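The values are calculated or read from the model by the stated rules, or taken from the named source; none is laboratory data. Given the structure is predicted, the values throughout are model-derived calculations rather than measurements. FYI the Cβ positions are ideal-geometry reconstructions off the backbone, even for glycines, and counts take in every protein chain you see.
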């Protein structure tokens, strides 16, 4: 089934579009956890992401050891609600961007974590992305999800996992 960029096809099609047929990336890979001022979980959800054209091109370039290729360094959150599309290069309505808290590799799994402290990125969060710079940069992946109401006293942690199978 060819990849069309819509979410239903994305759920059914784990192969990275445009990559060799024997390379696939897991799509159930964005977990968002909102905690209140008391540290208790107020909201948790796991959603699909969409690897953008620019993201998959950067992944393939890294596999080819291309010098100067962008690497994920930041996560951003926003309030946009338009479905993720492979041609996205930015979040629809970016609210805040932070450097990754951690970026670890274990076997064929890359796990990136982004954190937003109390008072940071407050609002009704509906989108997130992985990017290569503090401003602009390459948008590797984007996810759109049910609104998470992040109040001034709340913290948010996003764990984004890419699993590569060859």
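All told, residue 128 falls short of being more than 18 Å from residue 151 (Cβ to Cβ), modelled with pLDDT of 95 or more, touching a strand residue (DSSP E or B) at 6+ places or on another chain (Cβ under 8 Å) and not in a loop (DSSP other than H, G, I, E, B). Residue count for the range 136-156, restricted to those that are more than 23 Å from residue 111 (Cβ to Cβ), at pLDDT 95 or above and outside any strand (DSSP E or B): 3.
Would you tally the residues in the range 100-110 being at pLDDT below 95 and in a loop (DSSP other than H, G, I, E, B)?
First, the residues of the range 100-110 that are at pLDDT below 95: 103-110.
Filter once more, so that each one left must be in a loop (DSSP other than H, G, I, E, B): 107-108.
Number satisfying all stated conditions: 2.
Might you check whether a residue that is in contact (Cβ under 8 Å) with a residue 40 or more places away in the chain, surrounded by fewer than 18 Cβ atoms within 10 Å (Cβ to Cβ) and at positive phi occurs anywhere in the range 117-135? Yes, the conditions are met somewhere in the range 117-135. Within 30 Å of residue 63 (Cβ to Cβ) and assigned to a loop (DSSP other than H, G, I, E, B) - does that describe any residue in the range 111-124? Checked against the condition, which is being within 30 Å of residue 63 (Cβ to Cβ) and assigned to a loop (DSSP other than H, G, I, E, B), the range 111-124 yields no hits at all.
With respect to residue 55, is the statement that it is surrounded by 13 or more Cβ atoms within 10 Å (Cβ to Cβ), under 14 Å from the mean Cα position of the chain (by Cα), touching a residue at least 60 places away in the same chain (Cβ under 8 Å) and not in a loop (DSSP other than H, G, I, E, B) true? Step through it out loud before you land on a result.
Details: surrounded by 13 or more Cβ atoms within 10 Å (Cβ to Cβ): yes; under 14 Å from the mean Cα position of the chain (by Cα): yes; touching a residue at least 60 places away in the same chain (Cβ under 8 Å): yes; not in a loop (DSSP other than H, G, I, E, B): yes.
It is true that residue 55 is surrounded by 13 or more Cβ atoms within 10 Å (Cβ to Cβ), under 14 Å from the mean Cα position of the chain (by Cα), touching a residue at least 60 places away in the same chain (Cβ under 8 Å) and not in a loop (DSSP other than H, G, I, E, B).
Could you check, for the range 63-84, whether at least one of its residues is out of contact with any strand residue (DSSP E or B) (no Cβ under 9 Å at 6 or more places or on another chain), touching a residue at least 12 places away in the same chain (Cβ under 8 Å), over 16 Å from residue 164 (Cβ atoms) and not in a helix (DSSP H, G or I)? No, there is no match, as no residue in the range 63-84 is out of contact with any strand residue (DSSP E or B) (no Cβ under 9 Å at 6 or more places or on another chain), touching a residue at least 12 places away in the same chain (Cβ under 8 Å), over 16 Å from residue 164 (Cβ atoms) and not in a helix (DSSP H, G or I).
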